Amino acid sequence: MRLYEYEAKQIFGKFGMRIPQQIAIVENIEQLDDFSISFPIMIKAMVLIGGRGKAGGIKKAKNIDETKTIISEMLKLSIHGYSIEKILLEEAVNISSEIYLSVTTDPATFDIVIVASASGGVDIEEVARQNPEKIWKKIILENVKELPGIIADEAVEFLVKSDSNLMGSENQLKTTIQSLYSAFQTVEAKICEINPLIVSEDKNIIAADAKVVLDDNSLYRQEPLLKSIGIDPRSKRHDISEQTIFEDKAYRIGFPYLDLLDEPEKFEKEKDKLYVGLVPGGAGYGIFSIDEVVNVGNRYFNGKVVPINFMDSGGGPSLSKVADMFHLLMDHPATDLIITSRFGGISSCDIFIRGLIMSLRDRYTKRKRMIPIFGRMVGTDLAAAREYFEKAKRETPEPLKDLHIVVGNKKIMADVIKDGIEYGFKIKSQDGIKR
Ligand code: GDP
Ligand code: MN
């Protein structure tokens, strides 16, 4: 969950960091009458995305007329596709230096990473590319709750060396770094970032911008925090920019789903590879089948097989949820083949096969894209499932002609996966021109 700048700043304020005084959050110019304002002020568009400065979402105003004009114009803007509903008015601070500071986790190792640079205020990725020596980075291997002073000192030393204007602000810088780290740990954030952290003309260190992304998995523990900054903990506000459209869709329907491809909406498929979507029974099997698809692909198909997603139906999914899981992958532009499996447990094979067949019949009548499906089902309600499956194949053979489900333990999944991939490549070569 990504927070708005004014919310993130309130959190930073609670942890002892200095923030500009917030005057108001407004949605229109009429609301300005309720506040007495001392100018100059910053007018900032509240959208859940960065780069607002360049897009016209950050302006300074010297008086009330200017404020009204800027707000009216700003409300018409859209910043990277986000419309602006709320605008923050806050004290403008005189800047003499801009610093970049963040605490985040490495997505691959989950280690905590602190990044600092005296070249703040600009796109930090750009600085990292052009002038990597201007960036200080520290990996915190032990998940300590408080940042040791010596590490903060190291960062301060680097910053002061890069920008002599920071001399004299060492202590404030040090406490800011430690506070940001504490905030990151305490609110269980994925990232806490200040860009720019400014040094004012009177040598104060102030967070002029703030980005906090909370970990959705720990939100339930953060209810008091959310309430304290005015967020309804049940509202589950999400930054849609963080999720792919498929992840967002699955989230709304109510099952865990992850895209393994970057930006799957505009993903360019490699022609000689087969992209496999996975509808497993549970999470563990979901993880296993990702590995197994890669394994079978490496062994028999020159590594040309790519699993595209993780998903988990959860225990005892409803008929419509099962259907939605298949719809999601058949709507996914990357999918060439779907591998599925049921291992009973608390989920019913009967519901599974009915949901699956429902999705195929539905797509067939609506002339939507159909994808070959290979899988196996064993376990709970298998007899009923088998009976339904046989009957369905007799009644509507057409929509089910590319549905290949092994009923019972006649084959191990590795062989089912291999059969599916072989078939997928065969189909792909047949209608290679169409795809
Ligand atoms: P972003 O572009 O979405 O990251 O928005 P920021 O909040 O970082 O604002 C962009 C730029 O506006 C900053 O890098 C600063 O240069 C400037 N800015 C933001 N707040 C203030 C302020 O209080 N005073 C002054 N003078 N400039 C500010
Ligand atoms: Mn910024």
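The values are calculated or read from the model by the stated rules, or taken from the named source; none is laboratory data. What you see is a predicted model, and the numbers here were worked out from it, not measured in a lab. Positions of Cβ are backbone-derived with ideal geometry, glycine not excepted, and every protein chain shown enters the neighbour counts.
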Quiz item: Would a scan of segment 337-349 turn up a residue that is farther than 23 Å from Lys418 by Cα, in the same structural domain as Ile412 (by TED's automatic domain parsing) and without any contact (Cβ under 8 Å) to a residue 60 or more places away in the chain?
Solution: yes
Practice problem: Output the number of residues of segment 98-133 satisfying the condition of being within 11 Å of ligand 1 (Cβ to nearest atom) and outside any helix (DSSP H, G or I). | Solution: 7
Practice problem: For segment 240-261, name all the residues that are touching a Lys or Arg at 6+ places or on another chain (Cβ under 9 Å), small (Gly, Ala, Ser) and either modelled with pLDDT of 90 or more or within 14 Å of Met311 (Cα to Cα) (or both). | Solution: Gly254
Exercise. Could you tell me which numbered condition Phe39 fails, if it satisfies all but one of (1) within 26 Å of the chain's Cα centre (by Cα); (2) surrounded by fewer than 15 Cβ atoms within 10 Å (Cβ to Cβ)?
Key: (1)
Self-check item: Failed item in (1) more than 16 Å from ligand 1 (Cβ to nearest atom); (2) surrounded by fewer than 20 Cβ atoms within 10 Å (Cβ to Cβ), with Ile191 passing the rest
Solution: (1)
Quiz item: Are there any pairs with C-beta distances below 9 angstrom linking a residue in segment 286-301 that is outside any helix (DSSP H, G or I) to a residue that is of a type in the set (A, V, I, L, M, F, W, C), with the two at least 6 apart or on different chains, and if so which?
Solution: Phe301/Leu274; Phe301/Ile421; Phe301/Phe425
Exercise. Taking Ser36 as the residue in question, decide whether it is outside the structural domain of Ile177 (by TED's automatic domain parsing), away from ligand 2 (no atom under 16 Å from the Cβ) and without any contact (Cβ under 8 Å) to a residue 40 or more places away in the chain.
Key: yes
Quiz item: Name the residues in segment 355-378 that are assigned to a helix (DSSP H, G or I) and in contact with a His (Cβ under 6 Å, 6 or more places away or on another chain), would you?
Solution: Ser359
Quiz item: When only residues in segment 49-78 that are free of Cβ contacts under 8 Å to residues at least 40 places away in the same chain and within 8 Å of ligand 1 (Cβ to nearest atom) count, which is farthest from Arg2 (Cα to Cα)?
Solution: Lys60
Quiz item: Which condition number in (1) under 26 Å from Gln222 (Cβ atoms); (2) part of a strand (DSSP E or B); (3) away from ligand 2 (no atom under 16 Å from the Cβ) is the one that Ile23 fails?
Solution: (1)
Exercise. Please work out if Ser179 is touching a residue at least 40 places away in the same chain (Cβ under 8 Å), crowded, with 17+ Cβ neighbours inside 10 Å, hydroxyl-bearing (Ser, Thr, Tyr) and within 16 Å of ligand 2 (Cβ to nearest atom).
Key: no
Practice problem: Check segment 163-171 and report whether any residue there is outside any helix (DSSP H, G or I) and either of a type in the set (D, E, K, R) or surrounded by 13 or more Cβ atoms within 10 Å (Cβ to Cβ) (or both). | Solution: yes
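Conditions (1) surrounded by 19 or more Cβ atoms within 10 Å (Cβ to Cβ); (2) hydrophobic (A, V, I, L, M, F, W, C); (3) within 19 Å of the chain's Cα centre (by Cα), marked per residue:
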| site | (1), (2), (3) |
| --- | --- |
| Leu219 | no, yes, yes |
| Asp232 | no, no, no |
| Glu263 | no, no, yes |
| Lys266 | no, no, yes |
| Lys271 | no, no, no |
| Val276 | yes, yes, no |
| Val293 | yes, yes, no |
| Asn302 | no, no, no |
Practice problem: Check whether at least one residue in segment 89-106 is buried (at least 20 other Cβ atoms within 10 Å of the Cβ) and away from ligand 2 (no atom under 16 Å from the Cβ), and report yes or no. | Solution: yes
Exercise. Determine whether segment 136-149 contains at least one residue that is exposed (fewer than 12 other Cβ atoms within 10 Å of the Cβ), part of a strand (DSSP E or B) and not assigned by TED's automatic domain parsing to the domain that holds Lys44.
Key: yes
Quiz item: Looking at (1) more than 16 Å from ligand 1 (Cβ to nearest atom); (2) touching a residue at least 40 places away in the same chain (Cβ under 8 Å); (3) closer than 23 Å to Lys9 by Cα, can you tell me which one Val93 breaks?
Solution: (1)
Quiz prompt | Scan of segment 205-218 for residues that are more than 15 Å from Ala183 (Cα to Cα), away from ligand 1 (no atom under 16 Å from the Cβ) and either free of Cβ contacts under 8 Å to residues at least 24 places away in the same chain or of a type in the set (A, V, I, L, M) (or both), ordered by number | solution = Asn217
Practice problem: Take the residues in segment 401-421 that are buried (at least 20 other Cβ atoms within 10 Å of the Cβ) and β-branched (Val, Ile, Thr), then tell me which one is farthest from Val305 (Cα to Cα). | Solution: Ile405
